[in-house]
Every structure is written in structure tokens, then in C-alpha cells.
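The values are calculated or read from the model by the stated rules, or taken from the named source; none is laboratory data. All values derive from a computational prediction rather than experimental measurement. Glycine gets a Cβ as well: all are built from the backbone with ideal geometry, and neighbour counts include every protein chain shown. Just so you know, the surface numbers come from the protein's heavy atoms only, side chains and all, with ligands and any DNA or RNA stripped out. Shrake-Rupley method; radii C 1.70, N 1.55, O 1.52, S 1.80 Å.
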Amino acid sequence: MSVKRLLCVTNEDGAYARVVYGELRAWDVCLVDTVAAARKVLSQQHYAVGLLLDSGDSTRDEETERFLRRHHHVRWIGVFDPVRLEQPALRHLIATHLFDFHTRPVDPLRLQHSLGHAHGMAVLGKTPQPNPRSAAAGRITGNSEAIVRLRAHIAKIAAVDAPVLISGESGSGKELAAQEVHARSQRAAGPFIAINCAAVAPALIHSELFGHERGAFTGAAKDKQGLLEAASGGSIFLDEIGDLPLDLQASLLRFLQERVIYRVGSTRTIAVDARVIAATHVNLPQAVAAGRFREDLYYRLSVFPIRVPPLRERKEDLSLLTELVFNKYAEERSPQLKGVSREALQAMAQYDWPGNVRELINRVRRAMVLAEHRLLMPEDLELPGIVPLSPVQDGLGNTRLNAERAAIWDSLARSGNNISQAARDLGVSRMTLYRLMAKHSISP
Ligand SMILES: Nc1ncnc2c1ncn2[C@@H]1O[C@H](COP(=O)(O)OP(=O)(O)OP(=O)(O)O)[C@@H](O)[C@H]1O
Ligand SMILES: [Mg+2]
């Protein structure tokens, strides 16, 4: 078995920590003095089990609560002064966030037992471990064939210093793809500047993009650099390029051909070295046919097209994306929520996600706040047109599974999470109960 690693947060009670520390010889202990230090350790490595030695200072409870809520993947065991247990807020914190708790003076044997139990549950439960790096990178998440292909395609295109046209439905990840093109290109150290052509008033967009000379128009009191110039050495992301007015399409084409720009009100050319990455959710060939988009600009931009697939074409990624959202917004979640139910993932797979990844982020985030159970349920997601399966439609197999899960929950609740008692109650061995709990992603 692997070395048992323990994160021990003393919460500034070093003296008592040393007493307890003596009992932890079987563990590889990382001892930190403050919650802030523990946060730092957890941002770099995963710990399945944590020991929280409370200092008795109730003014810190709020900070501790936030911390425990954020790091819900760790099975926490707390040690408190018995007097503290009279405080309702602390009792609530213990009941909601802790795997187990002890009062001082600690009974060493019971502490060893409860730490070992937490470790065993972690091994059994194989709780998905957040990968701090992948979560922090904000990169294109997914293991589906469509996303693997997209990432490989982007890697190739990023290496070529030419314009890129990204198409995809709303919320599918076009801007993320543009950032990835930039980050993987030789221009990565340069600026990445984004402008949404649909959001800027047509009267302003010319000067926004190309800049202006002092006195070029009423209100132009000073010379102003445009975004293209500002993106020099890097990339400019022109979002919703289909909404660029026709006269500006001509100016953009000139820039792509000659690599120079004119500020509004000036005849002086300025050389600009910026890569254009454009995105659209409208069908540009149709816009060309309708005369709303210049054909020559379309061909210039679409030498290296990237299509970001809609979420419904990569439903295998739903669970990974949900996990990403779950970890990102862990601090906001309703305190008893520990994970996402299999039923919720099944319901998500039935839904078509017209708003794509952005819709998924919003729905899961909202559901995490409003959820009332230990696991996020299909109804929490409020997916239009998706009726969570009733036991009859669900088939006998799932009905049995649901009944099994409910029985485990009930007996754990009745026994106050005492595994031996719950196992006796259910008429199974402790090992069988552990196995069943792991199967249903239930942690005590
Ligand atoms: N594969 C992915 N992995 C992780 N996050 C993603 C992924 N795809 C999209 N996102 C996230 O979803 C949200 C929407 O993505 P983005 O803004 O790139 O979409 P878009 O196609 O530009 O949307 P719109 O058309 O509305 O402008 C962002 O928060 C983005 O970080
Ligand atoms: Mg966008």
C-alpha cells in the first residue's frame, strides 16, 4: 500500500500539534500553521486525509468554513476543545464538512483508527482528484475524439504565422480556441487583444481598430493607438467578424495584404506585425452569398479554418467538463453537496446543449448552489425537455440500485455514520458496506 500522507493544519496551536504529532508516526505528515499555508500546499499537491487542530478561536470559524468548503475532496478530521461543541455554528461546521471529530484530550488509539478509516475510504472511494494544473491552465478540456482532433489541429495551425478563422456555435469555446492558437504560437510572449465586432458601435469601430490622429473627428482630442497596433508582436482576436461593417472589411483586407495600417485622419502608413485570429458563429459563405461579407476577405481569412464542435457532438466530455466546473466553483456550492450523481450525468447526456459549454457552466454552477442533497441530481440542472427517468421507465436494474442507495443512506443516517452499526442494520459485513458505498459514491 502507498505511504499514508496527512496534511495537518494546526490553526496556530503549535503546542498541541506536537502532542498529537507524536501519535502520527505511521504517517507522512505535512504540518502547517495556518489555513492560508494549507491552501498553498493543496494548490500544489493532493492530500486524501487532513487533520484540523482547532485553536479554540471562534473568530476564525468563517475562514475555516470557507477553506473546508473549497477543499471538500480531502477527508477532514477535526480536534476541538469540548467546550467549543456547545457553539451551534461549530457543530454545523463539523456536521457538514468533517469526516470525523475528536475532543481534547485526544485518545490516540481512536485518532489512529479514525485517520486510518478516512484513508481507507479515500482508497476505496477513489474520489476524483482535482488536477490543479489543468484547472488553472484554462485550456480546452476534453478527451472526446472531436476535442483531441481539435487540439491537434490547433497545434499545427498555431505554428504557421497566418490568419485563422474559427467557426462554432455560441458558447462552444471559440475564444478559448483563439487563446490556444496564440498561446501555442511563436507570438505567445506578445499581447493577445480581443475585440467583439458586434459589441462596438459601427461609428467607433474604425478608430478602435486602427486608431486615429488628433482632430480626425469631433472629440478626437489626442492621437490614439488602435487595437491592431497594440497587438503588434502578438495576436488580435476579432470576434464576430461577420458583423464588421463592409468599409472596415476593406481596411482589414488591406492590412492583411500589406501589413500596414492608416490611423483615421492620417495618410501616414504604420507597419503592424499582428496575427489576425477571427471568429464567427454565423455561416460566412452564406453572408458572402448575401453580399454582407467580402468574398476576398473570406478567402484570405479562411486558409486555416478551425471548427469548434458543438457540445452535443462530444458528450463523452460532459463528465470532465462538469468536474472542471465543480472544482472551479467549489466554494459557492451548497455545503452538503459532495459530487454529481450518475443520474445527473445521464440526464445531461440526453440534453442537446444549445448554449454549449457556456450553458453547461451556468447550469452546473447554479445547480451547485441550489442543490439539496449530497449529490447533484438531474432536477437540480433544470434541463428543458428532460424528464428525469421514473423508476418504471428506468428499468428494474436502476430501481434496484436506487433502493440499495436509499437503504445505505438511511442506515448510515440512523447509526450516526457508524459503519459497523449500519452494516449490522443492513445485514452485510463492514467490507461489503464499504464496497457498496464506494459503488454509490457515498462517503460517510
Ligand atoms: N473545452 C473547454 N474546456 C474548458 N472550458 C471551456 C471549453 N470550451 C469552452 N469553455 C469555457 O466556456 C465558456 C465559453 O467559451 P468561449 O467564450 O470560448 O465560447 P465562444 O464560442 O467564444 O462563445 P460566444 O459565441 O458566446 O462568444 C468560457 O468560460 C470558456 O472558458
Ligand atoms: Mg466568444
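How long is the gain from Ala183 to Arg149 if the chain were fully straight, where each residue apart is worth 0.36 nm and the alpha carbon distance is subtracted?
That works out to 10.5 nm of additional length.
In debye to the nearest 20, how big a dipole does the chain give about its Cα centre with +1 on each Lys and Arg Cβ and -1 on each Asp and Glu Cβ?
My answer is approximately 960 debye.
Using only the alpha carbon atoms of the range 4-124, find the Kirkwood hydrodynamic radius as the inverse mean reciprocal pair distance, in angstroms to one decimal.
Radius from the Kirkwood sum: 14.2 Å.
In debye to the nearest 20, how big a dipole does the range 315-388 give about its Cα centre with +1 on each Lys and Arg Cβ and -1 on each Asp and Glu Cβ?
Value, rounded to 20: 160 debye.
Starting from one equal scatterer on each C-alpha and no solvent at all, send me the Debye-based log10 I(q)/I(0) for the range 285-444 at q = 0.10, 0.12, 0.17 Å⁻¹, two decimals.
Rounded to two decimals, the profile gives -0.52, -0.67, -1.06.
Could you give the C-alpha radius of gyration of the chain expressed as a fraction of 2.2 N^0.38 Å, taking N as the number of residues it contains?
1.27
For the range 315-388, what size does the Cα cloud have along each of its three principal axes, sorted from largest down, in whole Å?
Principal extents (largest minus smallest coordinate, Cα): 29, 22, 17 Å.
Expressed in nm to one decimal, what extension gain is obtained for the pair Ala201 and Gln45 from 0.36 nm per residue of sequence separation less their Cα-Cα distance?
The Ala201-Gln45 span can extend by a further 51.4 nm.
Beyond 21 Å, what share of the Cα-Cα pairs of the range 215-312 remains, rounded to the nearest whole percent?
In whole percent, the long-distance tail amounts to 40.
Taking the Cβ-Cβ separation of Ala290 and Glu332 as r and a Förster radius of 45 Å, what is the calculated FRET efficiency to the nearest 0.05?
With a Förster radius of 45 Å, E is 0.55.
What is the ratio of the Cα radius of gyration of the range 141-309 to 2.2 N^0.38 Å, with N the residue count, to two decimals?
That ratio works out to 1.04.
Using modelled backbone amide H atoms (1.01 Å from N, in-plane), which distant-in-sequence or interchain residues come within less than 5 Å of Val49's amide H?
Leu7, Arg75
Using 1/(1 + (r/R0)^6) with R0 = 41 angstrom and r between the beta carbons of Ala250 and Glu359, what's the FRET efficiency to the nearest 0.05?
Calculated transfer efficiency: 0.70.
Sort Phe217, Phe80 by accessible area with a 1.4 Å probe, largest first.
Phe217, Phe80
If R₀ is 35 angstrom, what is the calculated FRET efficiency for the pair Phe217 and Val282, using the beta carbon separation as r and rounding to 0.05?
So the FRET efficiency works out to roughly 0.70.
Could you sort Tyr21, Tyr329, Tyr47 by accessible area so the largest value comes first, with the probe set to 1.4 Å?
Tyr21, Tyr329, Tyr47
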